[in-house]
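Below is one structure, written out as structure tokens; the observations come after it.
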Amino acid sequence: MPIKAKILLIYTGGTIGMKKDFETGALKAFNFSKLLQRIPELKLLDCEIETISFEKPIDSSNMNPEKWADIATIIEDNYNSYDGFVVLHGSDTMSYSASALSFMLENLSKPVIFTGSQLPIGDLRTDAKENLITAIQIASLRENGNPVISEVCLYFEYKLYRGNRTTKTNAEHFRAFISPNYPHLIESGVHLKMNKDLFLPLKKDLKLKVHKTLDTNVVIVKMFPGMSETVLAAILNISNLKGIVLETYGAGNAPTEDWFIRLLTQAIQNGIQVVNVTQCSAGSVNMGQYETSSAMKKIGVISGKDITTEAAITKLMYLLGHTIVQNDFKTVFETPLRGEIG
């Protein structure tokens, strides 16, 4: 008889773990050690489930690199004792966290699945039960003794996505996330429909490396008609700034005015990494396709291709936390590390 998969449920905070206080009406975190009491359906899953919680669960709006390191440490400390990990997380910054953890967990050979909900677990119409049950079920999937999924994913509203390909687009619907430039990996219906050719390959014989050094001297700047030279200059002159994700128009287009190119050229010469991503919800940067992006290509702006803003900023933090020589940085960023870029 096959041994049951062991899954560690990591609760960081967020709506999914809340219950309503009947006296005040306010939402508060419930005791996750009593999870099976609140969701008895979990007993029907063919796996063993254990739980661990942040000492002080946080709203995902307060998520930061220190908390990402806490999640990575929990996974690192328990890596050899469990077959998979499900991270319960508030939806607002879940795509940032899933992206960050994908870079921080090098040579991952087990599933790490982020999920959450739009309504609390105790609400009559909650989406929490389905998200949680299916995320655990997917994390426990095995074939020939090996995990089916071996990457950081995000499960929400019947679909499993590559975590670093997602973005939150809706604050009210149960379908809160999309993966604009990469198909979903699994769809949950009567059966789990798996698109196995899209999965990252299993790195079975490589040792997990956990990276906890992220450089937060970065900024996201969204282009808009009327952005002034004074404003951009002030941003690029921030003390210790090391990287900027520039959200441009369409396929990576931006003004061709002399002051704009001059400021970016000076920033790059000063060692600031400038990454060009599109502010469109889907599509890819293609610098040089139009005259309005050719100048940026010439001065050495990094192409974000089809990367999401969430993955771009966390990848920038991750790479800046490593010692990468200036001349190699552009090449490394434009190379897919965890399936985050096409």
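The values are calculated or read from the model by the stated rules, or taken from the named source; none is laboratory data. These figures come from a predicted structure and were not determined experimentally. A quick note on method: Cβ atoms are made from the backbone with ideal geometry, for glycine too, and the neighbour counts reach across all protein chains shown.
Listing for the model above:
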| quantity | calculated |
| --- | --- |
| Criterion: more than 14 Å from LEU132 (Cβ to Cβ), at pLDDT below 70 and in a helix (DSSP H, G or I) - qualifying residue of SER33, SER61 | SER33 |
| Lone unmet requirement of (1) modelled with pLDDT of 95 or more; (2) surrounded by 14 or more Cβ atoms within 10 Å (Cβ to Cβ); (3) among the acidic types (Asp, Glu) for ASP197 | (2) |
| Which numbered condition GLY189 misses (of (1) surrounded by 16 or more Cβ atoms within 10 Å (Cβ to Cβ); (2) free of Cβ contacts under 8 Å to residues at least 40 places away in the same chain; (3) out of contact with any Asp or Glu (no Cβ under 9 Å at 6 or more places or on another chain)) | (1) |
| Boolean, LYS222 is at pLDDT 95 or above, touching a strand residue (DSSP E or B) at 6+ places or on another chain (Cβ under 7 Å), under 29 Å from MET104 (Cα atoms) and surrounded by fewer than 14 Cβ atoms within 10 Å (Cβ to Cβ) | yes |
| Residue match in the range 109-117 (condition: at pLDDT below 95, outside any helix (DSSP H, G or I) and more than 17 Å from the chain's Cα centre (by Cα)) | no |
| Matching residues, the range 150-169, being over 17 Å from PRO201 (Cα atoms) and either assigned by TED's automatic domain parsing to the domain that holds GLU310 or crowded, with 23+ Cβ neighbours inside 10 Å (or both) | LEU154, TYR155, PHE156, THR166 |
| Boolean, ILE313 is closer than 30 Å to ASP77 by Cα, assigned to a helix (DSSP H, G or I), among the β-branched types (Val, Ile, Thr) and touching a strand residue (DSSP E or B) at 6+ places or on another chain (Cβ under 7 Å) | yes |
| Conditions (1) in contact with a Ser or Thr (Cβ under 6 Å, 6 or more places away or on another chain); (2) surrounded by fewer than 24 Cβ atoms within 10 Å (Cβ to Cβ); (3) within 19 Å of THR15 (Cα to Cα); number of the one not met by PRO180 | (3) |
| Residue in the range 135-148 that is within 24 Å of ASN62 (Cβ to Cβ) and either in the same structural domain as ARG38 (by TED's automatic domain parsing) or among the small types (Gly, Ala, Ser) (or both) present | yes |
